[in-house]
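The values are calculated or read from the model by the stated rules, or taken from the named source; none is laboratory data. Owing to the predicted nature of the structure, the values given are computational and were not obtained by experimental measurement. FYI the Cβ positions are ideal-geometry reconstructions off the backbone, even for glycines, and counts take in every protein chain you see. Keep in mind that these areas ignore ligands, DNA and RNA; they rest on the heavy atoms of the full protein, side chains included. Shrake-Rupley method; radii C 1.70, N 1.55, O 1.52, S 1.80 Å.
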Amino acid sequence: MKRNVWKLMKRPEGMDFEDALSLIEEDINDISDGNLIVKNKIISMDAGTRMWMSDREDSYQPPLEIGANMVGVCLAEVIETKNPNFSKGDLIRGFGEWADYAEVNPESFLKLTAGLDKDEAYLSVLGLNGWTAYVGVMEVGRPKKGETFLVSAAAGATGSLAGQIAKKAGCRVIGLTGGKEKCSWLTDELGFDVAIDYKEENLDKALTQCCPEGVDIYFDNVAGPILDTVLQHLALYARIPLCGLIAQYNEKESRSPGPDNFDQILMKRATITGFFCPDFLEEGPKIEQIMQEWYEEGSIKFRADITNGLDNVLVAYKRMFNGNNIGKTLVKL
Ligand SMILES: NC(=O)c1ccc[n+]([C@@H]2O[C@H](COP(=O)([O-])OP(=O)(O)OC[C@H]3O[C@@H](n4cnc5c(N)ncnc54)[C@H](OP(=O)(O)O)[C@@H]3O)[C@@H](O)[C@H]2O)c1
């Protein structure tokens with residue numbers, strides 16, 4: 001059987017993904033005992049995968065080898081099985097490949113039985129982003145009623161969920177994002193109290209105005225200059241769940257200088273905590289159940305930014321880094 005898969009042919013420079021990745025046709029031969037052949041239905045675009053394309057050895061995941069298949073979270077249907085726990089037609093989610101078909105070891109997949117109304121929800125509210133948002137807000141941020149919660153990349157997959165969860169915890173929620181449409185989505189549909197268009201407004205002034213008592217929790221998805229500005233607006237004993245560094249993933253020098261205002265961590269006795277959602281594996285089922293309940297009762301919403309076709313994976317991937325996505329970036333096959 002033939003299949004098509006994206007392979008990493010060289011390390012990308014910045015966002016030159018077309019030059020670095022190629023879609024290659026190859027054969028899937030005999031399936032090994034215990035494995036499955038799956039047909040991907042949706043491939044999740046996740047900003048963190050950019051780090052695996054670089055040759056950094058000190059990341060939380062070793063770099064992909066040159067020539068390796070590009071990996072990522074997928075929603076897939078089982079079409080052939082040599083595993084007694086899976087049947088043809090099962091819907092599964094897990095770490096797969098940017099491909100139309102793949103042979104997978106089901107150990108890194110979960111059979112989906114939640115019966116959600118939309119397949120896209122399994123790759124946003126449920127799954128990696130929902131889980132990350134929940135852990136970052138509830139376990140790392142430790143919100144208290146009435147606190148001021150700020151989130152960057154607020155109209156993205158993770159940020160939009162983090163803000164809604166913080167709102168549920170009783171916080172006043174402020175989102176930072178680029179563009180009017182994204183700001184309106186946050187305040188008009190998701191219930192954020194304030195949305196700041198950081199590309200148009202002076203962030204320092206806007207934060208002075210809307211956070212006069214300072215920011216208690218800053219859920220940081222981006223780092224870079226935004227983090228530096230926010231450090232000047234921390235409340236005493238602020239917490240910073242450090243979720244991601246998207247402002248620097250495409251930089252030539254993957255290591256940026258530290259923030260100028262780092263001293264504010266001491267001045268405000270603040271805590272900055274990096275967290276990585278796979279470290280919370282044991283809590284996965286509990287978190288999925290909570291997120292599903294919230295989603296089904298309508299108190300947590302998501303939006304999917306869909307691109308069609310395996311050929312267009314890099315179009316979707318770039319949309320996310322250019323900030324053209326609203327909500328979760330997905331590729332439907
Ligand atoms: N720690 C973990 O376990 C974990 C798990 C999942 C995701 N993450 C991290 O969470 C962050 C968000 O990822 P996601 O997959 O949910 O993507 P996303 O937020 O849906 O999309 C990325 C968004 O980042 C913003 N952005 C891009 N470049 C930027 C820059 N230079 N400065 C400021 N904002 C920029 C853009 O929105 P704007 O319009 O707002 O600029 C863009 O829409 C990433 O840093 C990712 O690595 C971490």
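Points worth noting:
- Residue check for R11: in contact (Cβ under 8 Å) with a residue 60 or more places away in the chain and of a type in the set (K, R): no
Listed here are the residues, each with its yes/no results for (1) more than 18 Å from the chain's Cα centre (by Cα); (2) at pLDDT 95 or above; (3) in a loop (DSSP other than H, G, I, E, B).
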{"site": "A114", "(1), (2), (3)": "yes, no, yes"}
{"site": "D117", "(1), (2), (3)": "yes, no, yes"}
{"site": "A133", "(1), (2), (3)": "no, yes, no"}
{"site": "K145", "(1), (2), (3)": "yes, yes, yes"}
{"site": "A162", "(1), (2), (3)": "no, yes, no"}
{"site": "V173", "(1), (2), (3)": "yes, yes, no"}
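- Looking only at the stretch 230-248, and only at residues there that are open to solvent by less than 30 Å² (accessible area, probe 1.4 Å) and either in contact with a Phe, Trp or Tyr (Cβ under 9 Å, 6 or more places away or on another chain) or charged (D, E, K, R) (or both), the one that is nearest to the ligand (Cβ to nearest atom): P241
- Residue within the stretch 19-39 that is acidic (D, E), in contact with a Pro (Cβ under 9 Å, 6 or more places away or on another chain) and modelled with pLDDT of 95 or more present: yes
- Residues located in the stretch 254-263, provided they are of a type outside the set (S, T, Y) and either touching a residue at least 40 places away in the same chain (Cβ under 8 Å) or away from the ligand (no atom under 16 Å from the Cβ) (or both): G258, D260, N261, F262, D263
- First in the stretch 114-138 and open to solvent by 30 Å² or more (accessible area, probe 1.4 Å), second anywhere and within 14 Å of the ligand (Cβ to nearest atom), Cβ under 6 Å, 6 or more apart: L128/V73; W131/C277; W131/I287
- Against the numbered list (1) within 16 Å of the ligand (Cβ to nearest atom); (2) closer than 19 Å to R93 by Cα; (3) not in a loop (DSSP other than H, G, I, E, B), I272 comes up short only at (2).
- Yes/no for R142 being of a type in the set (K, R), touching a residue at least 40 places away in the same chain (Cβ under 8 Å) and crowded, with 18+ Cβ neighbours inside 10 Å: no
- Unmet requirement for L266, which otherwise passes all of (1) more than 11 Å from the ligand (Cβ to nearest atom); (2) within 24 Å of R56 (Cα to Cα); (3) without any contact (Cβ under 8 Å) to a residue 12 or more places away in the chain: (2)
- Residue match in the stretch 237-247 (condition: part of a strand (DSSP E or B), aliphatic (A, V, I, L, M), closer than 24 Å to A157 by Cα and under 18 Å from the mean Cα position of the chain (by Cα)): yes
- Flag if E97 is within 22 Å of the chain's Cα centre (by Cα) and buried (at least 19 other Cβ atoms within 10 Å of the Cβ): yes
- Residues satisfying the criterion are present in the stretch 192-201 (criterion: away from the ligand (no atom under 13 Å from the Cβ) and surrounded by fewer than 17 Cβ atoms within 10 Å (Cβ to Cβ)).
- Those residues of the stretch 291-333 which are in a helix (DSSP H, G or I), within 16 Å of the ligand (Cβ to nearest atom) and farther than 11 Å from A121 by Cα, in sequence order: V313, L314, V315, A316, Y317, K318, R319, M320, F321, N322
- Test: residue in the stretch 210-221 that is in contact with a Gly (Cβ under 6 Å, 6 or more places away or on another chain), buried (at least 22 other Cβ atoms within 10 Å of the Cβ), over 20 Å from L236 (Cβ atoms) and without any contact (Cβ under 8 Å) to a residue 60 or more places away in the chain: no
- Qualifying residues in the stretch 13-65 (those that are within 16 Å of the ligand (Cβ to nearest atom) and in contact with an Asp or Glu (Cβ under 7 Å, 6 or more places away or on another chain)) - the one least open to solvent (accessible area, probe 1.4 Å): I42
- If only residues of the stretch 75-90 that are in contact (Cβ under 8 Å) with a residue 24 or more places away in the chain and either part of a strand (DSSP E or B) or on the phi > 0 side of the Ramachandran plot (or both) are counted, the one that is nearest to the chain's Cα centre (by Cα) is L75.
- Just one residue in the set N85, N69 is among the polar types (S, T, N, Q), open to solvent by 40 Å² or more (accessible area, probe 1.4 Å) and modelled with pLDDT of 95 or more; that residue is N85.
- Annotation note: of L207, L186, the sole residue that is open to solvent by less than 20 Å² (accessible area, probe 1.4 Å), under 19 Å from the mean Cα position of the chain (by Cα), closer than 25 Å to F321 by Cα and hydrophobic (A, V, I, L, M, F, W, C) is L186.
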